[in-house]
Amino acid sequence: MTLKVRVIPCLDVKDGRVVKGVQFLALRDAGDPVEQAQAYDAAGADELMFLDITASHEGRRPIHEVIARTAEVCFMPLSVGGGVRTVADARALLLSGADKVSINTAAVENPDLLAACADAFGSQAVVAAVDAKQVESGRWNIFTYGGRKDTGIDAVEYARLAVEKGAGEILLTSMDRDGAKNGYDTVLLKAVSGAVTVPVIASGGAGSTDHMVDAVKSGGADAVLAASIFHFGEIGIGEAKQALAAAHLPVRLT
Amino acid sequence: MQTIALIDYGSGNQRSAEKALWEAARRLGKRRDIRATADPDFIASADRLLLPGVGAFAACMRGLAARDGVIEAMGAAVKRGAPFLGVCVGMQLLATRGLEFGETQGLGWIPGDVARITPADAALKVPHMGWNDIRAETPHPLFAEAAGRDFYFTHSFAFTPEDPATTTASVDHGGRFAAAVAKDNVAGVQFHPEKSQASGIDLISRFLEWTP
């Protein structure tokens, strides 16, 4: 009767291979992103996120082939981020089979890139990735270059601007919580989700299914993203959904 | 062998739609000649047609019109009675007009307008993005098994047909709007069956077997 909370596993891909991928399944090739994508597809993931952490961004990158091969076998929404700097970069990823392109540093430096991409592909294909770190109580700044550079830009203000420019979704990562497994930053989530009209994906800090419930209930997130806890099998996709359902949140049970 | 024309006009979901058509045909165990094409001859004589579409209504309509003879060829196939399925913006293009960035004429095969979603609850987000379950409206063989199942949606505009009876399924996001429409041999779905895992492939399989 209603839109479901999405559970989204994220795979880090470097040079076409998964880094720190699924380790709880006996996969033929644990480094193959496509096998991992299929495992998550079968497990009932609502969407998949590929984060390309390949250093060089020149020419046709292995990530294109990864997406194309995944799109052949997984009939589910695919997002991809990492190294998107131009409309041409975004187009190449979408043509490979991605449904959404997540843009981080390049959009912070030039928010008009979001507008150009939304004009070319529609807002539904444009995700603004926001890496935020708390600098004082109730204030988070955007950090770029993988969290190394403090831009001094207010994360909530930027999220608002990104949506104004045409982003159809916000991928909000708490740099403070990322990898810490002590829960999503629900205060940050609440601040951003309350400030924008588009869906917000919670990222950074997932350590338990309770954290996912909190991200939605306290943080107002529309989707929860996690990487390592899924890859290591600490939490299954189905288990996450059962927990959300038990907390009376709408989920898609497959 | 049955021919299936996937209308090629540069739509972002064309590749996924093509893969999903192949997968549906494979599951049915049927050989099909599936082609992504802008060839008016192939389109006009195709046994079935699928029109994909993502992005903005006006941009999609322009893209279609820029392919010589494609709209005419689709029209000829529809007139002949060939089953036709529009997906997402491909469904919206069936309308009389789109109201995004001014007014744009649609194909007009199912009279109605496409306008921005305005959820009654202001806390609900637009785009309507994610999985949502559909409810059967006017009974229709294409959507009989789809009722109650979740499909993947991602859109900010919705199609309101003039004749409510052409709405065959609806979805709720701060108010109900059309999730599927059908009139004679023309049908459309607002969601993305090519991105809706088993539910989506099942629906495309049904389309491949549908005899209006």
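General remarks:
- Restricting segment B:168-194 to residues that are within 13 Å of the chain's Cα centre (by Cα) and either among the basic types (Lys, Arg) or assigned to a helix (DSSP H, G or I) (or both), the residue that is nearest to the other protein chains (Cβ to nearest Cβ) is B:Glu194.
- Hey, B:Ala165 among the hydrophobic types (A, V, I, L, M, F, W, C), surrounded by fewer than 16 Cβ atoms within 10 Å (Cβ to Cβ) and in a loop (DSSP other than H, G, I, E, B) or not: no
- Here the condition is being in contact with a helix residue (DSSP H, G or I) (Cβ under 7 Å, 6 or more places away or on another chain) and over 23 Å from B:Leu6 (Cβ atoms); of B:Asp113, B:Asp163, B:Asp150, B:Asp133, it holds for B:Asp150 alone.
- If the condition is being over 16 Å from A:Asn182 (Cα atoms) and surrounded by fewer than 16 Cβ atoms within 10 Å (Cβ to Cβ), then segment A:218-235 contributes A:Phe232, A:Gly233.
- Screening segment B:27-62 for residues that are assigned to a helix (DSSP H, G or I) and within 12 Å of chain A (Cβ to nearest Cβ) and picking the one that is surrounded by the fewest Cβ atoms within 10 Å (Cβ to Cβ) gives B:Arg27.
- Within segment A:166-233, helices (runs of 4 or more DSSP H) holding 2 or more residues that are under 22 Å from A:Ser79 (Cβ atoms) and within 14 Å of another protein chain (Cβ to nearest Cβ): A:186-195
- Whichever residue in segment A:59-70 is under 23 Å from B:Pro193 (Cα atoms) and crowded, with 24+ Cβ neighbours inside 10 Å and, among such residues, is farthest from the other protein chains (Cβ to nearest Cβ): A:Val66
- Filter result for A:Asp89 (in a helix (DSSP H, G or I), within 25 Å of B:Ala56 (Cβ to Cβ) and within 13 Å of another protein chain (Cβ to nearest Cβ)): no
- Qualifying residue in segment B:131-139 (condition: more than 9 Å from chain A (Cβ to nearest Cβ), farther than 20 Å from B:Glu23 by Cβ and in contact (Cβ under 8 Å) with a residue 60 or more places away in the chain): no
Values in this text are rule-based calculations from the coordinates and carry no lab data. This one's a predicted model, so the numbers in the text were calculated from it and none came from an experiment. Positions of Cβ are generated from backbone atoms using ideal geometry, with glycine treated the same way; all protein chains shown enter the neighbour counts.
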